[in-house]
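A quick write-up on the structure given underneath.
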Amino acid sequence: MDWIGLGIIVAKIVFFLLVGFTAAGYVMNLAERKISAFMQDRLGPNRVGFWGLLQPVADIIKLFFKEDVVTDRASKVIYFVAPMIIAFTALSALAVIPLTDVLTFFGRGMAIQIANLNVGILFIFAIASLGTYGAVLSGWAGNSKYSFLGGLRSSAQMISYEVSMGLSIIGILMIFESLRLNDIILGQSPLLWGFLPKWGIVVQPLAFIIFLTAAFAETNRVPFDLQEADAELVAGFHTEFSNSMKFGMFFMAEYINMFTSSAVIVILFFGGWQIPGISTAEIVSFFISLGASEFFASLFTILLQLGVTFAKIAFFMFLFVWVRWTIPRFRYDQLMNLGWKGLLPLAILNILATGLVMVII
Amino acid sequence: MLNEYLPILILFIINIAFAVGIIIFSHFLGPRKSSAEKLSPYESGVPPVGDTRIRFSVKFYLIAMLFIVFDIEVVFMYPWAVIFKKLGLFGFVEMFVFIGILLIGYVYVWKKGALKWE
Amino acid sequence: METMLFYFFAFVAVATALLVITRRNPIHSALWLVLCFFSLAAVYVLLSAHFIAIIQIMVYVGAIMVLVLFVIMLLNLSEKELGDAKPTVLKFCGVILSGIFMVLLADGVKVLAPQAAVSVDEKFGTAEMLGRLLFTDYLLPFEIASLLLLTAMIGAVVLAKKRR
């Protein structure tokens, strides 16, 4: 490992953390409030900065300077550890997400991705499964009835939908024959019958629906936000984290998890950084034919692919907000029924059907 | 081989430092004016009643147990899925038997009403 | 570098394992065990067993330890039910017994002659490689594993479900 390589790694990590904080945390926070306001015919934040653009900054500063109340019944250590686990989980899951293809700069292959692991998708699942601890421990630590119930509900819900989520991607893995996220994206490049991109959603539509539903449940978003059903549980497992950056951590983690989920959906089902029918090499040679040098051709390509990825991700982030104001909340027994009696058998059926079709063809 | 995992290690270290740092930092930044009322757990404004550390329903245990079983089932499927094309019909029959045996359990669990949330 | 990392993670694994058995609060113990599993996963990565490493986290940390936490919370043992601290004599005996066990274990390991480092190809330890072995040579254990899982499923229901 040479020093330049190490520098590139650190630069990538900084980039991803910045994306996590700004694109996911900041922009999404503001966008959610603005879109929500629009859908409810309100104005939304409009006092801090032009058009309320600095509102999240004001919120962060406020959260930092608020009193950190540790209730006298709380389990002190876990009260501090739980939000740390949440933040760590959210940030670490970004590690394997590829935002662009591998391009050559000064003879060095580079992609905007921290680590290209051969267990790619499983890494995200493994890290995401830590989120259960954050929920159940913060519910436990607060030692309040609301937060405890919220934590329990949330963790039981997360593990229930994790099964369906894991099963739903099996079909994708069977078709693209790899766990590596880059290979899965590359596998989606051919065109079926000359016009339809071989995206995951085309070859595995049922898996997409199951995965999307499970993703909403995993990120604890409406219609599955049972753990913070505000009419029943105040704020669920964050009830006792009423102030300070601990609450900020939960908030930030939720947005970053939304970003990660959207990115995984885009990678598995919507071709990741790909523009349908155009390969990376074709884009590079297009820029070279316009008279750009090799370095700039690679640079433009990487920026273009970054833009494509972000556009696709942004659509799903918007979907998260859109659904929030469209679909009413589930009841808890309905939620568990949907997970165990609905999605689970559907996902298994999907695997067997995919297998059968692939054997016959 | 290890080079692939070095970035992960660095990322983990940075993330741990960040998570711990922010929480500790913000803990010392705010004012401290506590009173007995402020330090009591939130219970919609009335004084908290009884203990929170009650024994909770066994349903949650059951869900966690079923989750482990299905999680391990999925784990077996990952290596199968990535080489499915090479295994062909043989692989399909293998997995069919595996899923079939587990489906017996699933139907049993369903019939026993363990999946029903009361 | 590799050796250094190995010693670091091995040390963390042993230290956290010790913390697991010495902490009094069961939830703290469980959390230390989670950390222990993480460092074991890191050791697996150093052995080029990527798939096993990630499965270690997915299954042990993501599923089994969640169950353990649930059970701890389910039982909710109070300080009284946990009982008094064990007498010093017992602790002393425990240390001696585990010391003897360790010596025996070390003796057992010594029999294995030190092997020259084997270089493994790039595919080693990946899901593809594991799958090829599991679904051809070790097919029977794989199918039997499903019976084991079936037993676990039925056992859980029998234990937890009320008879009517």
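Every number in this text was worked out from the coordinates using simple rules, so none of it is lab data. Remember, it's a predicted structure, so these values are computed and weren't measured experimentally. In this analysis, Cβ positions are derived from the backbone assuming ideal geometry, glycine residues included, and neighbour counts consider all displayed protein chains.
For the reader, a short list of remarks on this structure follows.
- Projected label distance in nm at B:Glu4 and C:Ile100, using a 7 Å step from Cα toward the beta-carbon: 4.6
- Extreme residue, positive dipole direction of the protein assembly as shown, given options A:Ser285, A:Thr213, A:Ile78 (C-beta unit charges): A:Ile78
- Residue list for region A:59-100, given a label point 7 angstrom along the Cα-to-Cβ vector of B:Ile24 and an amide N cut-off under 16 Å: A:77-85, A:88
- Under the Karplus curve 6.51 cos²θ - 1.76 cosθ + 1.60, θ = phi - 60°, whole-Hz ³J(HN,Hα) for region A:283-292, x wherever Gly or Pro sits: 5, 4, 5, 5, 5, 5, 5, 7, x, 7
- Near the amide H of A:Phe105, within less than 5 Å, lie the amide hydrogens of A:Met110, all on another chain or at least 5 residues away, with H placed in the peptide plane.
- Partner chain coverage, peptide A:171-183 - average Cβ within 10 angstrom: 4
- Dipole moment magnitude, nearest 20 debye, region A:281-361 about Cα centre, only Lys, Arg, Asp, Glu C-beta charged: 540
- Computed over Cα pairs, the Kirkwood radius of region A:64-360 leads via Stokes-Einstein (1.002 mPa s, 20 °C) to a diffusion coefficient of 104 µm² per second.
- Filter on A:Lys34/A:Lys66; A:Lys76/B:Lys112; A:Lys12/A:Lys312; A:Lys341/C:Lys161; B:Lys86/B:Lys111; A:Lys34/B:Lys116 - keep pairs with C-alpha separation over 29 Å: A:Lys76/B:Lys112; B:Lys86/B:Lys111; A:Lys34/B:Lys116
- Ordering C:18-26, A:271-279 by mean Cβ neighbour count within 10 Å, with the highest value first, yields A:271-279, C:18-26.
- The eigenvalues of the Cα gyration tensor, multiplied by 5 and square-rooted, give region A:234-361 an equivalent ellipsoid with semi-axes of 38, 27, 11 Å from largest to smallest.
- Using θ = phi - 60° and Karplus 6.51 cos²θ - 1.76 cosθ + 1.60, couplings along region A:304-314 (whole Hz; Gly, Pro as x): 4, 5, 4, x, 4, 4, 5, 4, 5, 4, 4
- Under conditions of 4 °C and 1.567 mPa s, region C:11-50 yields 126 µm² s⁻¹ as its translational diffusion coefficient, taking Rh as the Kirkwood radius over Cα pairs in the Stokes-Einstein equation.
- Inter-chain Cβ neighbour count for A:127-133, averaged per residue, equals 6 (cutoff 10 Å, partner chain atoms only).
- Of all lysines in the structure, not one lies under 19 Å Cα to Cα from C:Lys110 without also being fewer than 8 positions from it along the same chain.
- When the Cα gyration tensor is reduced to axis lengths a ≥ b ≥ c, the ratio a/c is 1.5 or higher for region A:267-306, and with a/b above b/c it is classed as prolate.
- Computed over the protein assembly as shown, Kirkwood Rh from alpha-carbon pairs, angstrom: 26.3
- What separates the Cα centres of region A:153-216 and region A:266-334 is a distance of 16 Å.
- Residue (of B:Tyr106, B:Val82, B:Val93) at the positive-pole extreme of region B:57-118, dipole from beta-carbon charges: B:Tyr106
- Under-5 Å amide H pairs with A:Gly49, H placed in peptide plane, nonlocal only: A:Leu54
- From phi via Karplus (6.51, -1.76, 1.60), per-residue ³J(HN,Hα) for region A:109-121 in Hz, x at Gly/Pro: x, 9, 10, 7, 6, 6, 9, 9, 7, 7, 10, x, 5
- For the pair A:Val102 and A:Glu67 in one chain, pulling the backbone fully straight at 0.36 nm per residue adds 7.9 nm over the alpha carbon distance.
- Taking the square roots of 5 times each eigenvalue of the Cα gyration tensor of region C:1-80, largest first, gives ellipsoid semi-axes of 27, 16, 5 Å.
- Placing +1 on the Cβ of every Lys and Arg and -1 on the Cβ of every Asp and Glu, with no other charges, gives the protein assembly as shown a dipole of roughly 1540 debye about its Cα centre.
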